[in-house]
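**Q** Structure in structure tokens, see below.
The values are calculated or read from the model by the stated rules, or taken from the named source; none is laboratory data. These numbers come from a predicted model, not from an experiment. Just the protein is used for accessible areas: all its heavy atoms, side chains included, with ligands, DNA and RNA removed. Shrake-Rupley method; radii C 1.70, N 1.55, O 1.52, S 1.80 Å.
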Amino acid sequence: MSPSPSKTSENTSDSDSNQGSDLLVGPFKAEGGWKNQPRNSISRKQKKLFYMWLLENTQFPFPTENERVYLDIDHVSEKQFKYWFANIRCRQFTKHRDSEGNLYFAPNAKFYESCFRMGLVIPHAIPAD
């Protein structure tokens, strides 16, 4: 005589089959991907102002608190402001150190392409890479 499955083993197998649906909790929907949430993107006008500031401050692209107030025309959150500048520095600038060990930044070709797309005039000659 073979032992019949106990009630707990049936519950275990049922919970194992439902385990995949438990993983779909949070912002992910099974049928269509991520929830449709507003992105709160930075406006083109705001980005253009940021790039204008960056063109003038390519050596050290870290806006001060006073400059942040001046640049914040669309009331971008502080977190969004910091992340935007951090991403631009990471993706469109190259870190360098001078002979004394001081950190400075040099824009790369992506930065100048972005400025061109924004319709900005580059005030100086673009260095060759």
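**Q** Being of a type in the set (Val, Ile, Thr), in a helix (DSSP H, G or I) and open to solvent by less than 60 Å² (accessible area, probe 1.4 Å) is the requirement here; does Ile122 meet it?
**A** no
**Q** Could you pull out every one of the helices (runs of 4 or more DSSP H) wholly within the range 1-87 that has 2 or more residues that are modelled with pLDDT of 90 or more and either open to solvent by 90 Å² or more (accessible area, probe 1.4 Å) or of a type in the set (Lys, Arg) (or both)?
**A** On the way: elements: 7-22, 44-56, 65-71.
Once the helices (runs of 4 or more DSSP H) in the range 1-87 are filtered for at least 2 residues that are modelled with pLDDT of 90 or more and either open to solvent by 90 Å² or more (accessible area, probe 1.4 Å) or of a type in the set (Lys, Arg) (or both), what remains is 44-56, 65-71.
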